[in-house]
Amino acid sequence: MGTTQTRSENKYDDLVTKTGFSPEQIKNLHKRFQQLSENEETISKEHLHSIPALANNPIKKQIIDAFFDKRNQHQDEVGSFQEIGFEQFLMVLSHFRPPTLKMSEEDKARIRKEKLRFLFNMHDTDNDGTITLAEYRKVVEELLSKSGTMGIEAAKAIADAAMLGVASTNVPHMKPDEFYEGITFEHFEQILKGLEMETRMHIRFMDVNTTTMRCGKSTS
Amino acid sequence: CETNILYFFPMTRGNRTLTPEEEEDSQQHHNNTKAFPVLSFNFEHVRKPFEISLWILLALLMKLGFHLIPRVSHIVPESCLLIVVGLLVGGVIKALDSDASDTNSSVPVLNTKLFFLYLLPPIILDAGYFLPIRHFTENLGTILMFAVVGTLWNAFFIGGMMYGVCQIEAAQLGDVDLLSCLLFGSIISAVDPVAVLAVFEEIHINELLYILVFGESLLNDAVTVVLYHLFEEFSHAGTVTITDAFLGVICFFVVSLGGVMIGLIYGIVGAFTSRFTLHSRVIEPLFVFLYSYMAYLSAEVFHLSGIMSLIACGVAMRPYVEANISHKSYTTIKYFMKMWSSVSETLIFIFLGVSTVAGPHVWNWTFVIFTVILCLVSRVLGVVGLTFIINKFRIVKLTKKDQFIVAYGGLRGAIAFSLGFLLTDTHMKTMFLTAIITVIFFTVFVQGMTIRPLVELLAVKKKKETKRSINEEIHTQFLDHLLTGIEDVCGHYGHHHWKDKLNRFNKTYVKKCLISGERSTEPQLISFYNKMELRQAMMLVESGSLAVLPSLTSMQNIQPRDTVKQRVIPSISKRREEEIRKMLRSNLQKTRQRLRSYSRHDLMMDPFEEDLSEVKFRKQRVEMGRRVRLTETHLNVHNSLSFKGMLHCFY
């Protein structure tokens, strides 16, 4: 028992350094992973699709795709997995870690870039480095997908206006025959500057042992 | 005193009876032909409204005057200047009065009833209706901690220490017992929303700090009400038992939750009423004001927290009312609220100054100085201690700078004064009042004046001035859904999960009941987009020219060139296009004509709005004129959609 314990600790140490979670958090997430994968080594998209709470989410498909996106593993690969293991699962979730109090300005900037990169990858589905008008339209359509037919017409208009906004802020003096290819990562960072992603894009990860889903409301 | 000039008819004012000569005189006048009184003077008839209007007018003229003196208004916050004016006015009245033999001082004092029933509600309603909900709910735990635990700590600490101070032989305060001290502590401990608003509005700090201090000042009303009544009862009874303390705790929950519930009920009823105001747009704003005021008064009937009731009413009503009412009513509500709260605030500060001059004062050096020092000390200790505990639960921790601003922003104001005024008349009451006034002056003057340079010095983050763009709105919503989804994947029900559930409940059930017409199913993104379009169109009208669009980028720059050829959308011939345009234009004219039939109670479509729709139409046409025919087809959908949205916004 002693050897297995040290082995699992070593395994977790590796993950701790890679993802930044604490050992307790990793243990809890592992339990959740095993719950989702029905005690197998990997999970597939079907496992995630079967989570009941996700059914009402308008961007369910994008979220699930993000877990299987190779770009989110920080290893400069592209494409998508068919199945992912626990380590990949943790890597994706590490994008949602909360900020710590003692962080230097560079750390904050780095973390903001990482989180924005994650969001960007979710929109840029064909991985050409820009979010084109079609991709942006799709994003707005998905957001309005649960709102019936009113949504579809409006989605186009809203996406167009939004794209216009990005173009006019980032490239203010475009000639009539110039063409704005799409939102690059820099422009994306620029338009979301006001939202302070490093403080908003996080969820609370449990430190305490929770094997069953607890109905606890987290205070902030 | 009354003056009867050129009045030929006898008057019997008061109990003054006519002397026989005068009666004869008047009889004679009755029999003769009397001249018609061309000019007469009767002040008593209009005395009360005249005085009230005069006071308000003077207060507002003072407010106007400050802004004409540029240097002063930058350094000194308005509240200080108003108090000084009040002091001057009170001094003048007192000086005038001291000549008269009248022993009753006719200096108007900050009457408690006047304050709580007339002056305070507009300010709280204004604050509650425009409360930034998102920040408020995100920080609710922190705010509640500060409001409840912080105020309790302040009350007991100050009360207890003051009792200790009173025990000192040299202070001659031996007759102040523990319960009176605790009563005093409970009065002085509460942070005042009026003072906080007055000062914080001018320094524009970031939303987090603003909502922390302001939210605390609102929610501590329940604590103050309970503590005040508790200690007042006890100081009459003389002793405290465990049951009494336990009942006090229960009372706190009843007061706060009861107040919130009353507010919610009135809010929902108000929202429901606004669903049917389609044909009586003129009275729409009144519903908002009256329902809110009724909520406040109803809560006060049962000694529940009126402030919390008012806030709950405003918060509950707002999203539904705004979806139902016309644009004009919305503007009316906004401006009337700001106007009333501004007048109230001005009057409150001036009356504070006047009451200072008027009231009897008992100045006891030890008592006053220790009160001021203890207020500061307990505030700092409370904030630091609570933040230490709170930071263990917060994700975005409060830094030392934040803590300093929160501690420094704990201003006391007129509520403390009025509560002190309510005390039964004893020697201690005047001493307490003097101390309360000193603390108020200290916090408003010293802290109010120095907070702005300190904010600059510490480089505290300021409020973001620009309005949200459509991109930020899209991504905020996207992020909300994303975080909810990730929480579901991780398997725990957190903050986002419950927020999402509440939103869905709101959308499926509540909105259908309370919002009229098709807007009940309108998603938030679309209403945001419509509002944004409306705002942009208004900006164009106000700037006068329609050719000046913010940038030269247009649809042509983003429309993908290669797909243009591949579009299968049938091109509309020029003739059909003209038809569509004529139809749209005639629809607009028809709407205008319908409104032209005159009725005093109807709102005429005023020239501004006519220009607005014209401009919007023309703007669209100009944009269209620049483009290729195929892109025009696309834009016609855009056109009719925004027309629909725009027309809807006007009704």
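Read-outs throughout are calculated quantities, based only on the coordinates presented, and are distinct from any laboratory measurement. Just so we're clear, the structure is a prediction, and the values are computed from it rather than from any experiment. Cβ sites come from the backbone with ideal geometry, for glycine too, and all protein chains shown count toward neighbours.
Some values worked out for this structure:
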quantity: Lysine pairs meeting the criterion (Cα under 28 Å, 8 or more apart or interchain), as found in the range A:100-198; calculated: 18
quantity: At 1.567 mPa s and 4 °C, Stokes diffusion of the range A:100-198 via Kirkwood alpha-carbon radius, µm² per second; calculated: 87
quantity: Dipole of the range B:193-311 [Lys/Arg +1, Asp/Glu -1 at C-beta], most positive-end residue of B:Met294, B:Gly258, B:Val282; calculated: B:Val282
quantity: Peptide-level mean, for B:492-501, of C-beta atoms on other protein chains within 10 Å; calculated: 5
quantity: Cα shape, the range B:125-282, gyration tensor, a/c 1.5 rule; calculated: prolate
quantity: Fewest-first sequence of B:Ile395, B:Ile188, B:Ile333 by Cβ atoms within 10 Å of each Cβ; calculated: B:Ile395, B:Ile333, B:Ile188
quantity: Across B:Lys48/B:Lys334; B:Lys400/B:Lys531; B:Lys429/B:Lys462, pairs whose alpha-carbon gap is larger than 31 Å; calculated: B:Lys400/B:Lys531; B:Lys429/B:Lys462
quantity: Neighbouring partner chain Cβ atoms per residue of B:137-145, average, 10 Å criterion; calculated: 2
quantity: Distance from the range B:147-161 to the range B:217-261 (C-alpha centre basis), Å; calculated: 14
quantity: Per-residue average of Cβ from other chains inside 10 Å of A:88-99; calculated: 2
quantity: Separation between Cα centres of the range B:303-365 and the range B:35-63, rounded to whole Å; calculated: 26
